[in-house]
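The values are calculated or read from the model by the stated rules, or taken from the named source; none is laboratory data. As the structure is a prediction and not an experimental result, all values here were calculated from the model. Positions of Cβ are generated from backbone atoms using ideal geometry, with glycine treated the same way; all protein chains shown enter the neighbour counts. When the accessible area is computed, the model is the full protein with side chains, heavy atoms only, and any ligands, DNA or RNA have been set aside. Shrake-Rupley method; radii C 1.70, N 1.55, O 1.52, S 1.80 Å.
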Amino acid sequence: MPLRSPARYLLAALLLCVPLWAAADEGLVLVAHPDSPVAGVDTETVAALYLGLRTGLDGLPGARPLDLKDRKLREKFYGTVTNRNLAQLRAHWSKLVFTGKGRPPRAMSVEDMAATLRNDPEAIGYLPVSASQGLRHLLPVP
């Protein structure tokens, strides 16, 4: 029995959504410039860097963290690395900015971050694994 027209469209729509689900579940990786002297870092160090509680990394004292604009990727990164949600993160940075103790990392698109990381030896950021080719991988973020 052939598929009726609405069923065919529903099946096609579901098949087209599969790549979107796969991309949403893709892992993240903390990355740096290809020639970065940083060999690797632990989760606690990355959390301290991204929360403004640390100003650099071993081998890279001027490390500047970069952030992504994509909400889902930010939620995944900060939830995994800092155990904080975005509301808690906003409250944390509001306090630091108000007291003059820090500024949040600059937020940008995946493409802009990848380009910045390739050109700036002091920048550090997190990207989907598929966008991190040619960069130094420092820490996988499952």
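Quick notes on this structure:
- Residue within the stretch 86-98 that is at pLDDT 95 or above, more than 18 Å from LEU53 (Cβ to Cβ) and in contact with a Ser or Thr (Cβ under 6 Å, 6 or more places away or on another chain) present: no
- All positions within the stretch 38-55 that are in contact with an Asp or Glu (Cβ under 9 Å, 6 or more places away or on another chain) and either within 18 Å of PRO128 (Cβ to Cβ) or of a type outside the set (S, T, N, Q) (or both): VAL38, ALA39, VAL41, TYR50
- Subset of the stretch 43-80 that is at pLDDT 95 or above and acidic (Asp, Glu) - its residue that is least open to solvent (accessible area, probe 1.4 Å): ASP67
- If you go through the stretch 44-97 and keep only what is closer than 18 Å to LEU127 by Cβ, touching a helix residue (DSSP H, G or I) at 6+ places or on another chain (Cβ under 8 Å) and among the charged types (D, E, K, R), you end up with ASP67, ASP70, ARG71, LYS72, ARG74, GLU75.
- Qualifying residue in the stretch 86-109 (condition: assigned to a helix (DSSP H, G or I), aliphatic (A, V, I, L, M) and either touching a Leu at 6+ places or on another chain (Cβ under 6 Å) or within 19 Å of LEU138 (Cβ to Cβ) (or both)): no
- Residues (surrounded by fewer than 16 Cβ atoms within 10 Å (Cβ to Cβ) and of a type outside the set (S, T, N, Q)) located in the stretch 104-115: ARG106, ALA107, GLU111, ASP112, ALA115
- Only one of PRO128, PRO142 that is modelled with pLDDT under 95 and within 23 Å of GLY40 (Cβ to Cβ): PRO142
- Any hit, the stretch 81-103, residues being touching a residue at least 24 places away in the same chain (Cβ under 8 Å), basic (Lys, Arg) and open to solvent by less than 60 Å² (accessible area, probe 1.4 Å): no
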